[in-house]
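Read through the structure below, which is laid out as C-alpha cells, and then see the notes.
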Protein chains: 2
Amino acid sequence: MSHTAFYISDGTAITAEVIGHATLSQYPIEIEHITSPFIETEAQALHLCDQINIRYKTTGNRPFVFFTFVEKAFKRLIKQTDSICFDVLSPFTKEITQVLNIEPTPKLHRTHSIHEESYDHRIGAMNYALANDDGQTTQHYDDADVILVGVSRSGKTPTSLYLALQYGIKAANYPFIEDDMDDLKLSNDLKQNKKKIFGLTIEPARLAAIRHERYANSKYASIRQCRMELREVERMYKKNKIPYINTTHFSVEEISAKVISEMGLERHKY
Amino acid sequence: MSHTAFYISDGTAITAEVIGHATLSQYPIEIEHITSPFIETEAQALHLCDQINIRYKTTGNRPFVFFTFVEKAFKRLIKQTDSICFDVLSPFTKEITQVLNIEPTPKLHRTHSIHEESYDHRIGAMNYALANDDGQTTQHYDDADVILVGVSRSGKTPTSLYLALQYGIKAANYPFIEDDMDDLKLSNDLKQNKKKIFGLTIEPARLAAIRHERYANSKYASIRQCRMELREVERMYKKNKIPYINTTHFSVEEISAKVISEMGLERHKY
C-alpha cells in the first residue's frame, strides 16, 4: 500500500506543493512526492494524466493530486484522472468572488515570478546579505533593515540569506568572536544602528555539536568555550537591551518569522 | 474602500500566507497584508480577534483571514470575528480523511520547522553553496548535486542559495569570465563532473542593465561585451551538449524549479 502525491501547475507548482505537503503531513502514511511544474501544452497535460492513471493501477491507491492551473481545459483533463484531486485555490475563490462581486482573473506566472514588483528588492537584498555577511564590512549598516549578531554558528548567515531571498529584507550579520570576549561591547558601527540589532543565542550543547562538525575536538568546539561565549553574549544583550531569541529549537523559517515580527520589519514580498 | 488580509498561525504562518496570497492576487484590489505568526496563548488569540474586528469597523470591509491552527479553541475564536475566514487546510482534509479512513493529527511545528528530517541537509547545502560560490574552489564538485555555470550576473548565486535553503540541494557555481573567452572550454574539474553541469544564459540587454547597476559605463557592462560573452558561452553549451536555460524572464523560484525538473534532482524538502 504505497501512496503518491502529484503537485502540478503551469508555473513553479510551489503553491500546490505548500498546500499539499502541509495537508498530507497530518496523516501517518508514506508518500512518494512528484512535482510537475510548467505544464504548458496539452501534450504535457495528457502525458501527466497517463502517469497519474498508471500510478493508480500499479499501487492500487488513487494518487493525491494538488494543482493550480490558469487553463481551464487542463483542469478538466486532470480532474478526469483516477485520483483524489484538488484545485487548490478554488475553495477560497468561490466565497471571495461572491463577497467582492468580482471574478478572479488567474494569470500565468502571477506568484513566484520575476514579474512581482518585489523581485529586484530580493536580488538586491541577497547581494547586500552576501557583502555584509560575517562582519566582513561594517560600513553599510545605514542601509540595513536589520543586523543579526551572535557567536559563530548561531544561525546568522542562513537567516540573513533567507530574509533576503524570501522577503527582500536587507540583513547584515556580525559575529562576536573569542578575541572580543574579555570586554564584549558594541563597536561604533553597531552602536550607530543600535535599533536595528537583533541577537541570536543557542544552547551550549547544540552549539558545540555544530562546531564539532566543522572543527572536531578544537577549543572552538569545546563545550566550555561555547558556554563562555554564550554567557558573555547574553549578558551583553541584556545590558544593551538588545532583543534576542534562542535558536536551538527553531528552523530558519521560524527564526526569520520571529525576527520580522519582533523587529516590525517591512517585507517586500508575500 | 480598503481591504485587509490576516495570515495567522501557531507556527510561522507560511502556509497561510502562500495560500492567501496566491488566492487574493487574482483580484484587482488593494490589500494590506498582516502576518501574525506564533499565536500560542489565548490572550494572543483574543488580542488578534480584536484587531480583526477593529479593521472591519475602520475600513467597512470584513478582513480576509487565512489561518492554520492546531488548537481547536483558537480556531473557534478566529471564526467568530467579523471576517471572511478560511481554515486553509480543512477543504482538503475532509475528503482525504474519508478516503484514508484515518483522522488527521495536526501537530505543532510540523512544517517549516527544525524537526523536519531535511533540516540539516539544508544548512549543509547552504554552507556548500557559499563555499563553492563563483568558482572560488573547484575541488569539491564530486559532492555537488548540480553545478551551475554561466557568465557573471546571469543568476548563478541566487539560484544556488535558493536550491540549498529551500530544497537541501548542493549547488556549486562557476563563472565564465572575459579571460576565458578566447578559447572557452570546460576545465578538468568541470569535465569530470560534466553530467552535473547546468548552464544559465540571459538576453544581452538585460545582462548589460544588471551589470550597469554594479559598474556603470564599464567595458564589463557594455552591450558589446555582454553579447560577445553570451555568444561564446552558448556556443560552448551547444558544443558540449550542456543543458541550459535563458533566465531573462524567470525568477529564482522558476529557474530553480526548471533546474530540478530538467536535471532530475532529488529534493530533501517539500
Practice problem: Sort A:Val252, B:Val65, A:Val99 so the one with the fewest other Cβ atoms within 10 Å of its own Cβ comes first. | Solution: A:Val99, A:Val252, B:Val65
Practice problem: Sort shortest first the distances from B:Thr137 to its counterpart in every other copy, using label points 7 Å along the Cα-to-beta-carbon line, and give them in nm. | Solution: 2.5
Quiz item: What gaps in nm, shortest first, separate A:Glu32 from its twins in the other copies when you place the label 7 Å past Cα toward the beta carbon?
Solution: 5.0
Quiz item: Under the definition of partner shielding as Cβ atoms of other protein chains within 10 Å of a residue Cβ, what is the mean value for peptide A:126-134?
Solution: 2
Exercise. Output, in nm with one decimal and in ascending order, the distances from the B:Asp180 label point to the matching label points of the other copies (7 Å from Cα along Cα-to-Cβ).
Key: 3.7
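Antiparallel versus total DSSP beta bridges in chain A: what percent is that, nearest 5? Intermediate results must be reported in sequence, preceding the final value.
On the way: 0 of 27 bridges.
Beta bridges within chain A, antiparallel portion: roughly 0 percent.
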Quiz item: Relative to the first principal axis of the alpha-carbon coordinates of chain B, what is the inclination of helix B:42-59, with its axis defined by its Cα atoms, in degrees from 0 to 90 and to the nearest 10?
Solution: 90
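How many Cβ atoms of partner chains, on average, are near each residue of B:26-32 if near means within 10 Å of its Cβ?
Values: counts 14, 8, 4, 3, 0, 1, 0.
Average per residue, whole number: 4.
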Quiz item: Could you work out the helix-only [θ] at 222 nm for chain B, with each DSSP H run of four or more residues adding -39,500 (n - 2.57) and the total divided by the number of residues, to the nearest 500 deg cm²/dmol?
Solution: -13500 deg cm²/dmol
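Please order A:Thr105, A:Thr93 by the number of other Cβ within 10 Å, starting at the fewest.
Values: A:Thr105 11, A:Thr93 17.
Taking fewest neighbouring Cβ atoms as first place, the list is A:Thr105, A:Thr93.
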Practice problem: Between A:Glu95 and A:Asp142, take the C-beta separation as r, use R0 = 56 Å, and let me know the FRET efficiency to the nearest 0.05. | Solution: 0.75
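Which whole number gives the average, over all residues in A:156-164, of C-beta atoms from other chains lying within 10 Å of the residue C-beta? Could you put the intermediate results ahead of the total?
On the way: counts 0, 4, 8, 0, 0, 8, 6, 0, 2.
For this peptide, the per-residue mean of nearby foreign Cβ atoms is 3.
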Quiz item: Put a dot 7 Å past each Cα toward the Cβ at B:Asp134 and B:Lys195; how far apart are the dots in nm?
Solution: 3.2
Quiz prompt | Zone of A:His212's modelled label, taken as backbone nitrogen in region A:231-248 under 18 Å from a point 7 Å along Cα→Cβ | solution = A:248
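Using only alpha-carbon positions, what ratio does the radius of gyration of the protein assembly as shown give when scaled by 2.2 N^0.38 Å?
Numbers: Rg = 24.2 Å, N = 540, 2.2 N^0.38 = 24.0 Å.
Compared with the compact-globule rule of thumb, the protein assembly as shown sits at 1.01.
May I ask you to compute the full-extension gain from A:Gln44 to A:Asp120, defined as 0.36 nm times their residue separation minus their alpha-carbon distance, rounded to one decimal in nm?
Details: separation 76, 0.36 × 76 = 27.36 nm, distance 3.17 nm.
Taking A:Gln44 through A:Asp120 to full extension adds about 24.2 nm, to one decimal.
Readers should treat all values here as calculations from the given coordinates under stated rules, not as data from a laboratory. Small disclaimer: the values here were computed from a predicted structure and weren't measured. For neighbour counting, all protein chains shown are included, and Cβ atoms are generated from backbone atoms with ideal geometry for every residue, glycine included.
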